[in-house]
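Below: one structure, written as structure tokens.
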Amino acid sequence: MAEPTQIADIVSLTTLTPHTTELVLRPIEHPLSFKPGQWISLQLPVGDHPPLNRAYSLAEPPSSTGHLTLVFDHVPGGKGSSYLSSLKPGDRLPLSGPYGHFVLPEPESQHLLLIGRYSGLVPLRCMLRSLALQDSLPSTTLIAQAPHAAEQLYHDEFMALAARHSTFRYLPFICVTPEGHDETVDAIKQLAGNGRQVTPMIAGIKSFARPLRALFVELGFDRREVKLETYD
Ligand SMILES: Cc1cc2nc3c(=O)[nH]c(=O)nc-3n(C[C@H](O)[C@H](O)[C@H](O)COP(=O)(O)OP(=O)(O)OC[C@H]3O[C@@H](n4cnc5c(N)ncnc54)[C@H](O)[C@@H]3O)c2cc1C
């Protein structure tokens, strides 16, 4: 069933890295209830046939303020992300949602292996923040790829989380291109090879996510065991 559309106020836009921005929205009609990992659809008044629908994952678990936090990367020439960059607090946008099945398994019985590249880290960060609210974070590894050192989204936050929780491991890698990164592949083989019981969740653009799913299948996983959220 289609989710109803409502208008949201822009609360703030904050630069996180040179090419990513956090956008906070406040739905004005009714609060949105959602699960970490889900996304909302923004209807943007641009493109050849407006509205241009663009999906954005929620970066923060639900909060008492009802604010929705998104993060977008600035796609060169991208109509949607360029429009979002031009917004200012007080502007308004129609949105609908939440949508999506890229959510944490219940209960987290196996080691969680979260793998994201760049803005693909957004839904994984939301999951980690909701897990960290529990007394003990379940056994989890985050493999985080960034295209450049300056674009390591949430790096300090993930470092601090790993320092606080012995059950959380953070493996940050820099790789200019999305595919074929040896260190990422080696880390996955070590963590998920030899029949190890892990739940893999991968988010990012297809050229990043799909070869990694194929790697899990090579390692003996059923395709359906590998949860994927692709952006393009
Ligand atoms: C379920 C879902 C969740 C998403 N969550 C996020 C999110 O949290 N943050 C976010 O920045 N984007 C997210 N996206 C992508 C987003 O909806 C837009 O596609 C993205 O902002 C590019 O739109 P655009 O109009 O600026 O670029 P377009 O003109 O549509 O150009 C897209 C091209 O840019 C490249 N590209 C570079 N970065 C991205 C990117 N992040 N997403 C898609 N294509 C990219 C692709 O290769 C593609 O060919 C999500 C998409 C889906 C389907």
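Gyration tensor over the Cα atoms of the range 111-230: the corresponding equivalent ellipsoid has semi-axes (square roots of 5 times the eigenvalues, largest first) of 21, 18, 12 Å. For the range 164-232, the C-alpha radius of gyration divided by 2.2 N^0.38 Å, with N the number of residues, is 1.12.
Would you mind working out the accessible area per residue for the range 105-221, using a 1.4 Å probe, and quoting it in Å²? Write down the numbers at each step before the final one.
On the way: 5200 Å² over 117 residues.
With the other protein chains kept in place, the range 105-221 gives 44 Å² per residue.
Projecting the alpha carbon convex hull of the range 106-160 along each direction and taking the average yields 3.9 nm². The Cα-based radius of gyration and maximum Cα-Cα distance (Dmax) for the range 44-171 are 16.4, 50 Å.
Each residue of the range 8-20 was assigned a 3J(HN,Hα) from its phi angle through the Karplus expression (A = 6.51, B = -1.76, C = 1.60, θ = phi - 60°), giving 10, 7, 7, 8, 7, 10, 10, 6, 9, 9, x, 10, 9 Hz with x at Gly and Pro.
Plainly put, the range 5-99 has a radius of gyration that is 0.93 times its Kirkwood radius, both from alpha-carbon atoms, as the Rg/Rh ratio.
Answer rounded, prolate or oblate for the chain, using the Cα gyration tensor with square roots of eigenvalues a ≥ b ≥ c: rounded when a/c is under 1.5, else prolate when a/b is larger than b/c, else oblate. Prolate is the answer for the chain, as a/c is 1.5 or above and a/b outweighs b/c. In this simple spin-label model, placing a label point 7 Å from the Cα along the Cα-to-Cβ direction at both H74 and S33 gives a separation of 3.9 nm.
Please report the projected area of the range 13-58's Cα convex hull averaged over all directions, in nm². Provide the component values of the computation, followed by the final result.
On the way: hull surface 18.0 nm².
Its Cα hull, projected and averaged over all orientations, spans 4.5 nm².
In the context of the full set of protein chains, residues of the range 5-99 present 47 Å² of accessible surface per residue (probe radius 1.4 Å, heavy atoms only). Considering only C-alpha atoms, what is the centroid distance from the range 72-114 to the range 132-160, in Å? So the two Cα centres are separated by 17 Å.
Taking all protein chains as present, what is the carbon and sulfur share of the accessible area of the range 5-99, in % to the nearest whole number, probe 1.4 Å? List each step's numbers first, then the result.
Values: 2400 of 4440 Å².
Carbon and sulfur atoms account for 54 percent of the accessible area of the range 5-99.
Here each label is just a point 7 Å from Cα along the line to Cβ, and for R26 and S85 those points are 2.7 nm apart. Working from label points 7 Å from Cα in the Cα-to-Cβ sense, the E106 to R224 distance is 2.0 nm.
Accessible area of the range 111-230 with a 1.4 Å probe: how many percent of it is carbon plus sulfur? Walk me through the intermediate numbers first.
Values: 2670 of 5380 Å².
For the range 111-230, the apolar C and S fraction of the accessible surface comes to 50 percent.
The values are calculated or read from the model by the stated rules, or taken from the named source; none is laboratory data. Just so we're clear, the structure is a prediction, and the values are computed from it rather than from any experiment. Positions of Cβ are generated from backbone atoms using ideal geometry, with glycine treated the same way; all protein chains shown enter the neighbour counts. These area figures cover heavy atoms from the full protein model, side chains too; ligands, DNA and RNA do not enter into them. Shrake-Rupley method; radii C 1.70, N 1.55, O 1.52, S 1.80 Å.
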